[in-house]
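*Asks:* Dropping a structure here in C-alpha cells format, bear with me for questions.
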Amino acid sequence: MDFEDSPEEAAFRAQVRAWIRDNAPRHLEAELKTAGFADNGIRSTDPLAACRDWQRKKYEAGWACLHWPKEYGGGGYQPIQRVIFGQEEGIYASLSGPFGIGQGMCGPTLMAWAAEEHKQRYLPPLASGEEIWCQLFSEPASGSDLAGLRTRAEPAADGSGDWIINGQKIWTSGAHRSEFGLLITRTDPSVPKHKGLTMFFLDMRSPGVEVRPIKQANGQSEFNEVYFTDVRIPDSQRLGAVGQGWEVSLTTLMNERLSIGSGMSLGFPELFAFCMEAEIDGRPAVDDSAVRSRLATYAVRQSGLKYTGMRAITALSKGQTPGPENSIGKLVAGAAMQELAMFALDLQGAAGVEMGDDQPLQGRFQKMLMRSPATRIEGGSDEILRNIIGERVLGLPGDVRVDKTVAFRDIPTSGRQKA
Amino acid sequence: MNLDFSDDQKALQDQVRRFLAERCTSAAVRRIVESDETHDRDLYAGLAELGVLGAAIPEAYGGVGLSKLELCLFAEELGRVIAPVPVSSSIYLAAEFLLLAGSEAQKTTWLPKLAAGEIVGTFALTEGSGRTTPDKVKASVRNGRLTGTKVAVPDGAAADLAVVAARHGTGEGADGISLYLVDLRGPGVERTVLTTLDPSRKAATFTFKDAPADLLSGEGDGWHVAGQVMDRAAILLAFEQVGGSDRALEMARDYALDRMAFGRPIGSFQAIKHMLADMYVSATLARSNCYYAAWALSTDAAELPVAAATARVSATQSFQHCAKNNIQTHGGMGFTWAFDCHLYYRRSNALALSLGSLSTWESLLIERLRGGNAAVA
Ligand SMILES: Cc1cc2nc3c(=O)[nH]c(=O)nc-3n(C[C@H](O)[C@H](O)[C@H](O)COP(=O)(O)OP(=O)(O)OC[C@H]3O[C@@H](n4cnc5c(N)ncnc54)[C@H](O)[C@@H]3O)c2cc1C
C-alpha cells in the first residue's frame, strides 16, 4: 500500500510537469481560479477559443485523450498515466469542459462501434478539440426511461438506403456549439421498446436540424432542444445493427458514469477556507461545534470519494474494469454539493442572498446552490443510480415492469393510457 | 500508487475469516451475551494461536512480527462477526501503549503475555459522563499507589492489566497526567461489572484505593501518549466497524431477497432497495477512508492524526447507519432477540461511544485539518 509513483510513473510525471510548466496558458490562471459552474471564469478572451487553444496544444504534443490509441489521435498511454496527467494539469483541466461529452462518451462509442474509416476521420479532430460532439439521447417523454424514446428513423423512400429522421431531443448539452452528434432513434415501434432502437451519428449542420437553447433554472443556457425535420443520414453513419441501438447506448452510458463521477469535487476545501474566515459571535465559525460536526461529515465524504477513486485506479492498474460500483461518485457528490452550498449560505446569513462576484469566493456557493440540482439529475438521476447499485451491485430484483415485453406502440403513455 | 492490500495479506485475512466462520458463530456470540462469562476464552486462545493477537507485535516480544496492515484486516474480520473477545482493549490499546511508551522491562514482562492471550489488557481513562478532557482526570498516584475511579472501562470484566491515566501528585491540566500500569488482580482494586448496551464485550467500573501503579513512559506525557495510542486504536476500531457494516448490509440484502410481501420480494420495492443502496454507499466511503488510514498507520505518516479521525468518523457513521437499517429491513423479525440484527445494532452503538464519541472525533478532525498536517482536499 503506497501513494508513491513507480520509477516509470515518476519519470512520466516529471515529463508531464515540465511540459505543462512550459506550455500551459498561465496568463489565464487567475481567471480560471474564479471558475464557477459550467463557467470556466474566462473573461479576457473568448472562453471557447481558450479551451480550443489548450486542447490543440495538448493534441499536437500527444497529450490529448491519453488513453486512446495513437492512430485515433490519442496518446496510447495507460490509464494510470492519464490520471497522472490530470493531476499535473490541475486547474487547466477545466479548459477541457466543452470536450467532455464528446471525448468521454461519444469517442468511446465510436471506438467500439464505428467503421474503421470513420474512426480515422472523426476521432482525431474530436481529440484535438477541433470538432465538438454532443449526445442526443434524452427526449421530452424519455429521460430516465431512455428506451421509451420516439424520434423516428425511417428508410428513405428513394431507395438510397439513407435514413430520414423526425422527432425531438431535449436537454442536449452543448448542441449549440457542436459539429456532430450521437443520435439514438426508434426504427421499429412494433417490437418491445429496447429492441426497436438504432444508433447513428450525424452532422449537426445537416438540413432539418434546429437547435434551440433552453434557459436553465440557474439562468445559464448550456443545454438545448434539438428538432429533426426530415433530416437525412446516410446508412454508413449507423453504429451497430438496425435494432441494436440499446446495446450501443450502453457503451455510451457506461462511459458517462465514469467520466462524470470520477474526481468530482464537492467544494469542501473552499467551504473549509470559508469557515476559517467567517465569524460566529466574533470567533471563527470553525470553532463552533455545530459547524465542526457538519464540516466533518463533508470532509469524510470528500475523502471517501477521493480514496474510492484511488481504489478504482488501483483496480484499473491491475487490469480490472471499473464496474457499476462507480455510480457512487456522482450520487454522493451531487447531494453533498447541494447541502454544502446551503450550509455555506446559512453561515453568510441574510447577506448570503446576494448573487455576485463580491460574495465570498466570488459567489461560488450561490452558483453551486443553483447548479447542484442538475448534478442530481443529469447522467442518471440519484434514484436511477440507487437502482443501479441496488440491482447490479447488491443483486436485488428489478422493479415490476409493465413495458418490457409489449410492442412499443402498445405501451401506455401519458397521452395514451389504456382504457 | 496502490491503495489496496496485497494478495498475501488478503490470503491471511481469508484464513482468519474462515477460522471465525467456524469458531465465532452466532451461537458462540450469544453464549457470551446471555451469560456472565467475561469473554469467549476458547476463541481468544484460538486467536492467539492463529497469530491474530500477536500479529503486529515484534517477535522479540512474543509476537508474529507482521505489520499493522495485517492487523487492520484481522480487525475487519473480528468486526464482521462481532467477536465476543477483548482484542481491541488488549491489543489495539494496551499492547500499543507498551510498544509506544513502555520500558524494555515492561515490554518483556507484558507483551509476550498479551500476545499469547494469557492475560487481557485494557485502557482506563474515563471517570464520568461527557467528553473526557484533561481536567476530568482526577485519579491520582502518590508514592506509586493509585487512588480514584474509572468508569465504563472497555472489556473491564475480562481485563487483568490496565493502563490507567492518572495525575502524578498534584499536577494540573494535561501536563499533570501520566500513565500507569496497574495489575487488576492485585490489591486495592475493586471491580464492578456493568450491564451495557453491548454485553458481547463486558465493561466494568474500577475503584482503586492505594493500588500499586507502575509508571509507563515519562511523568507528564500521559495525555500526549494516550492521544497517539487512541489515534492508532481508532483506525483499527474503524476496520472493525467496516467489517460490521458489511455484514449488516449483507444480512439486510439476504433478507430483502428472501422475504415476500405483496406478492414480490421486498428488495424489489424501491424504498428498501434505495435504503440498501445508501448503506452500500456509506460502507464504501468508510472502507476507502479506512484504507487511507491503514496506509498512514503502517507508514507512521504525518497525516496519521487526520487519517485516523477521518476513518473513525466515517466508519462510525457507516456502522450505525447500516446496523439500524438492517433492523428496519427485517421488519418485526428485526426487533426480536432471536435474530442477530440487534447484536449488530448494539455493537455499532457501543463502538461509537468507545475511545471518544462521534462528536469528539468530528471536532478532532476539524482541529487537525486546521492544524494543517494533511491537505484539506
Ligand atoms: C444539466 C443537464 C444536462 C443534460 N445533458 C444531457 C445531454 O447532453 N444529452 C442527453 O441526452 N441528456 C442530457 N440530460 C438529460 C438527463 O439525462 C435527463 O434529464 C435524466 O436522465 C432524467 O430524465 P428526465 O429529465 O426525463 O426525468 P424523468 O426521467 O422524468 O425523472 C423525473 C423523476 O422521476 C424519477 N424516476 C424516473 N424513473 C424512475 C425509476 N425507475 N425509479 C425511481 N425514480 C424514477 C427520477 O429520478 C426523477 O426524480 C441533461 C440533463 C441535465 C439536467
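The values are calculated or read from the model by the stated rules, or taken from the named source; none is laboratory data. Here the structure is a predicted model, which means the values were calculated and not measured. Positions of Cβ are backbone-derived with ideal geometry, glycine not excepted, and every protein chain shown enters the neighbour counts. Heads up: the accessible areas ignore ligands, DNA and RNA and are worked out on the full protein's heavy atoms, side chains in. Shrake-Rupley method; radii C 1.70, N 1.55, O 1.52, S 1.80 Å.
*Asks:* Kindly indicate the residue of segment A:366-394 that is open to solvent by 40 Å² or more (accessible area, probe 1.4 Å) and in a loop (DSSP other than H, G, I, E, B) and also farthest from A:Ala344 (Cα to Cα) among those meeting that condition.
*Replies:* Among them, the one singled out is A:Glu378.
*Asks:* Residues in segment A:379-401: is at least one under 30 Å from the mean Cα position of the chain (by Cα) and more than 14 Å from chain B (Cβ to nearest Cβ)?
*Replies:* yes
*Asks:* Then there's this: What are the pairs with Cβ atoms under 7 angstrom where one residue, in segment B:353-364, is facing chain A (nearest Cβ under 8 Å) and the other, located anywhere, is open to solvent by 30 Å² or more (accessible area, probe 1.4 Å)? Sequence gap at least six, or different chains.
*Replies:* Final answer for the pair search is B:Ser359/A:Ser293; B:Glu362/A:Ser293; B:Ser363/A:Ser289.
*Asks:* Evaluate the following for A:Val248: is it touching a residue at least 40 places away in the same chain (Cβ under 8 Å), over 15 Å from A:Glu154 (Cα atoms) and either touching a strand residue (DSSP E or B) at 6+ places or on another chain (Cβ under 7 Å) or surrounded by 15 or more Cβ atoms within 10 Å (Cβ to Cβ) (or both)?
*Replies:* yes
*Asks:* Let me spell it out: the conditions are (1) assigned by TED's automatic domain parsing to the domain that holds B:Gly54; (2) hydroxyl-bearing (Ser, Thr, Tyr); (3) within 17 Å of the chain's Cα centre (by Cα), and B:Thr109 meets all of them except one. Which number is the exception?
*Replies:* (3)
*Asks:* So A:Val226 fits all but one of (1) assigned to a helix (DSSP H, G or I); (2) open to solvent by less than 10 Å² (accessible area, probe 1.4 Å); (3) more than 21 Å from B:Val281 (Cα to Cα); what number is the exception?
*Replies:* Checking A:Val226 against (1) assigned to a helix (DSSP H, G or I); (2) open to solvent by less than 10 Å² (accessible area, probe 1.4 Å); (3) more than 21 Å from B:Val281 (Cα to Cα), the one that fails is (1).
*Asks:* I need every pair where a residue in segment B:111-128 that is modelled with pLDDT under 95 and aliphatic (A, V, I, L, M) has its Cβ under 6 Å from the Cβ of a residue that is open to solvent by 50 Å² or more (accessible area, probe 1.4 Å) and outside any helix (DSSP H, G or I), sequence separation at least 6 or different chains.
*Replies:* That search, which allows pairs on different chains as well, returns nothing.
*Asks:* Only residues that are closer than 24 Å to B:Ser363 by Cβ and facing chain A (nearest Cβ under 7 Å): list them for segment B:265-285, please.
*Replies:* Passing the criteria: only B:Leu285.
*Asks:* Do you know which residues across segment A:206-239 are of a type in the set (Lys, Arg) and touching a Phe, Trp or Tyr at 6+ places or on another chain (Cβ under 9 Å)?
*Replies:* Within segment A:206-239, A:Arg212, A:Arg232, A:Arg238 meet the criteria.
*Asks:* Being surrounded by fewer than 17 Cβ atoms within 10 Å (Cβ to Cβ), outside any strand (DSSP E or B) and free of Cβ contacts under 8 Å to residues at least 60 places away in the same chain is the requirement here; does A:Ala217 meet it?
*Replies:* no
*Asks:* Please specify each residue of segment A:181-197 satisfying the condition of being in a strand (DSSP E or B) and crowded, with 22+ Cβ neighbours inside 10 Å.
*Replies:* Once the filter is applied, which keeps residues that are in a strand (DSSP E or B) and crowded, with 22+ Cβ neighbours inside 10 Å, segment A:181-197 yields A:Gly181, A:Leu182, A:Leu183, A:Ile184, A:Thr185, A:Arg186, A:Leu197.
*Asks:* Name the pairs whose Cβ atoms lie under 6 Å apart, with the first residue in segment B:211-226 and modelled with pLDDT under 95, the second open to solvent by 50 Å² or more (accessible area, probe 1.4 Å) and among the charged types (D, E, K, R), and 6 or more positions between them or separate chains?
*Replies:* Final answer for the pair search is B:Gly220/B:Asp175.
Here is a yes/no grid of residues against (1) open to solvent by less than 50 Å² (accessible area, probe 1.4 Å); (2) within 14 Å of chain B (Cβ to nearest Cβ); (3) of a type in the set (Lys, Arg):
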position: A:Glu9; (1), (2), (3): yes, yes, no
position: A:Gln15; (1), (2), (3): no, no, no
position: A:Arg26; (1), (2), (3): no, no, yes
position: A:Cys65; (1), (2), (3): yes, no, no
position: A:Gly73; (1), (2), (3): yes, no, no
position: A:Ser96; (1), (2), (3): yes, no, no
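*Asks:* Filter segment A:378-416 for residues that are over 30 Å from B:Asp246 (Cβ atoms) and in contact (Cβ under 8 Å) with a residue 40 or more places away in the chain and give the result.
*Replies:* A:Glu378, A:Asp403, A:Lys404, A:Thr405, A:Val406, A:Ala407, A:Phe408, A:Arg409, A:Ile411, A:Thr413, A:Ser414
*Asks:* Another one. Considering only residues that are touching a residue at least 40 places away in the same chain (Cβ under 8 Å) and either more than 7 Å from chain A (Cβ to nearest Cβ) or acidic (Asp, Glu) (or both), which ones fall in segment B:253-264?
*Replies:* Once the filter is applied, which keeps residues that are touching a residue at least 40 places away in the same chain (Cβ under 8 Å) and either more than 7 Å from chain A (Cβ to nearest Cβ) or acidic (Asp, Glu) (or both), segment B:253-264 yields B:Tyr255, B:Arg259.
*Asks:* Okay, next question. Considering only residues that are open to solvent by 50 Å² or more (accessible area, probe 1.4 Å) and either touching an Asp or Glu at 6+ places or on another chain (Cβ under 9 Å) or touching a residue at least 40 places away in the same chain (Cβ under 8 Å) (or both), which ones fall in segment B:37-48?
*Replies:* Of everything in segment B:37-48, just one residue is open to solvent by 50 Å² or more (accessible area, probe 1.4 Å) and either touching an Asp or Glu at 6+ places or on another chain (Cβ under 9 Å) or touching a residue at least 40 places away in the same chain (Cβ under 8 Å) (or both), namely B:Ala45.
*Asks:* Taking segment A:28-44 on its own, how many of its residues are surrounded by fewer than 16 Cβ atoms within 10 Å (Cβ to Cβ) and either touching a residue at least 12 places away in the same chain (Cβ under 8 Å) or closer than 20 Å to A:Ser221 by Cβ (or both)?
*Replies:* Count: 4.
Listed here are the residues, each with its yes/no results for (1) over 26 Å from A:Pro397 (Cβ atoms); (2) surrounded by 24 or more Cβ atoms within 10 Å (Cβ to Cβ).
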| site | (1), (2) |
| --- | --- |
| B:Ala252 | no, yes |
| B:Arg264 | no, no |
| B:Ser268 | no, no |
| B:His274 | no, no |
| B:Met279 | no, yes |
| B:Arg287 | no, yes |
| B:Ser298 | yes, no |
| B:Ala302 | yes, no |
| B:Ala307 | yes, yes |
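*Asks:* Okay, next question. Being within 11 Å of the ligand (Cβ to nearest atom) and among the acidic types (Asp, Glu) is the filter; apply it to segment A:101-153 and report the residue that is least open to solvent (accessible area, probe 1.4 Å).
*Replies:* Among residues in segment A:101-153 that are within 11 Å of the ligand (Cβ to nearest atom) and among the acidic types (Asp, Glu), the one least open to solvent (accessible area, probe 1.4 Å) is A:Glu139.
*Asks:* Can you report the number of residues in segment A:272-325 which are touching a residue at least 12 places away in the same chain (Cβ under 8 Å), more than 10 Å from every other protein chain (Cβ to nearest Cβ) and open to solvent by 40 Å² or more (accessible area, probe 1.4 Å)?
*Replies:* Total meeting the criteria: 4.
*Asks:* Here is a follow-up. How many residues, within segment A:120-167, are of a type in the set (Val, Ile, Thr) and under 20 Å from the mean Cα position of the chain (by Cα)?
*Replies:* Selection size over segment A:120-167: 1.
*Asks:* Can you run down the residue pairs with Cβ atoms below 8 Å, 6 or more apart or on separate chains, where the first is in segment A:160-179 and in a helix (DSSP H, G or I) and the partner is more than 16 Å from the ligand (Cβ to nearest atom) and open to solvent by less than 30 Å² (accessible area, probe 1.4 Å)?
*Replies:* No pair meets every condition.
*Asks:* Can you find, within segment A:389-412, the residue that is farthest from B:Arg264 (Cα to Cα) among those that are of a type outside the set (A, V, I, L, M, F, W, C) and away from the ligand (no atom under 12 Å from the Cβ)?
*Replies:* Step by step, filter segment A:389-412, then rank; the result is A:Arg409.
*Asks:* Given the options B:Trp337, B:Trp295, name the one that is within 12 Å of chain A (Cβ to nearest Cβ), of a type in the set (A, V, I, L, M, F, W, C) and out of contact with any helix residue (DSSP H, G or I) (no Cβ under 7 Å at 6 or more places or on another chain).
*Replies:* None of the others qualify; the one that does is B:Trp295.
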